[in-house]
1. Take the chain, connect every pair of alpha-carbon atoms lying under 10 Å apart with a spring to form a Gaussian network, then pick out the residue of PRO57, PRO119, PRO180 with the largest mean-square fluctuation.
2. Could you work out how far apart the two model spin labels at CYS53 and SER154 are, taking each label as a point 7 Å from the Cα in the direction of the beta carbon, and quote it in nm?
3. So how do CYS53, CYS59, CYS46 line up by other beta-carbon neighbours within 10 Å, fewest first?
4. Once you order the gyration tensor axes a ≥ b ≥ c over the Cα atoms, which shape class does the stretch 106-246 get: rounded for a/c under 1.5, otherwise prolate or oblate by comparing a/b with b/c?
5. Pairs of alpha-carbon atoms within less than 8 angstrom and 6+ residues apart define the contacts here; what relative contact order does the chain have, in percent?
6. Which Cα, out of TYR133, HIS150, MET208, lies furthest along the positive dipole direction of the stretch 111-252 (beta carbon charges, K/R +1, D/E -1)?
7. Which FRET efficiency value, to the nearest 0.05, do you get for LYS88 and LEU193 by plugging their Cβ-Cβ distance into 1/(1 + (r/R0)^6) with R0 = 41 Å?
8. Report, in deg cm²/dmol and to the nearest 500, the calculated mean residue ellipticity at 222 nm for the chain, where each DSSP H run with n ≥ 4 adds -39500 (n - 2.57) and the sum is divided by the residue count.
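All of the numbers you see were taken from the coordinates with simple rules; none came from a lab. These figures come from a predicted structure and were not determined experimentally. Counting neighbours? That spans all protein chains shown, and the Cβs are built from the backbone with ideal geometry, glycine included.
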Amino acid sequence: LSMIILKSKREIEYIREAGRITANALQLMKKLAKPGITTGELDQRCEEYIRSCGAFPSCKGYYGFPATICASVNEEVVHGIPGHRKLKDGDIISIDLVVNKNGYHGDSTVTIPVGHVHPATLKLLKVTEESLYKGIEQAVAGNHLGDIGHAVQSYAESFGYGVVRDYVGHGIGTDMHEDPEVPNYGMAGHGELLEPGMVLAIEPMINMGTEKIRQLKNGWTVVTRDGKPAAHFEHTVAITENGPEILTLPEE
Ligand code: MF3
Ligand code: CO
């Protein structure tokens, strides 16, 4: 049974406040993600920034996750643990960040190219981000959940990429993970009816090769089975009477 919690306008503003801090922190990560920096240093800078905003890292301690950001490099899809690994020219890094401000969460992810990245990999990043926007366009009252997944999937697969099935987006609010699950695949017109007040984290994870993944023995890091690169983009989005509103935007 799905228990979707609808949010008031005031609650959506709280989520937007958390989401703005999330987005500003990711802008900082884009500036810092250069060859030579470690993923652990990025994590530390991110945590300092969000605490300076009076906010908290939602992932730290979540089922024992040890860090503020998930830092997933190259063939790592999601849930990479920050540490001593130094970024090098040609890497890509997905930084997934959830921020808690005043009890409300904002969740966003970007995949950042480090230095000079192979054009085929840059294409994967571009298409993955575009697939997120295809999904967001469908986050409209009167549509169904399957419209979002269908839009993401059909776009990404038209480039021959693999759409990860084992991890999905989610509702978000006073909990980081709420109902409903938001798959990046599906059938148009199927699934839960979308209504104003729903807030969804839409987060396509798109692989250059196979959609198949496996988890490393550390119990967290998820990698592609074929070792080819993966990209991940995410926004927290409110469904309103006036269409989809992205809540994880930086301040101008
Ligand atoms: N943004 C991730 C998600 O939506 C959060 C992972 S936090 C972790 O699932 F603690 F589980 F790593
Ligand atoms: Co998420």
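1. Looking only at PRO57, PRO119, PRO180, the biggest GNM fluctuation is shown by PRO119.
2. The two pseudo-label positions are separated by 3.5 nm.
3. Working: CYS53 16, CYS59 21, CYS46 25.
The fewest-first ordering by Cβ neighbours comes to CYS53, CYS59, CYS46.
4. Values: a/c = 1.78, a/b = 1.59, b/c = 1.12.
Here the stretch 106-246 falls in the prolate category.
5. Numbers: 675 pairs, mean separation 60.7, N = 252.
Once normalised by length, the contact order is 24 percent.
6. It is MET208.
7. Numbers: r = 47 Å, r/R0 = 1.14.
Rounded to the nearest 0.05, the efficiency is 0.30.
8. One gets -9500 deg cm²/dmol as the mean residue ellipticity at 222 nm.
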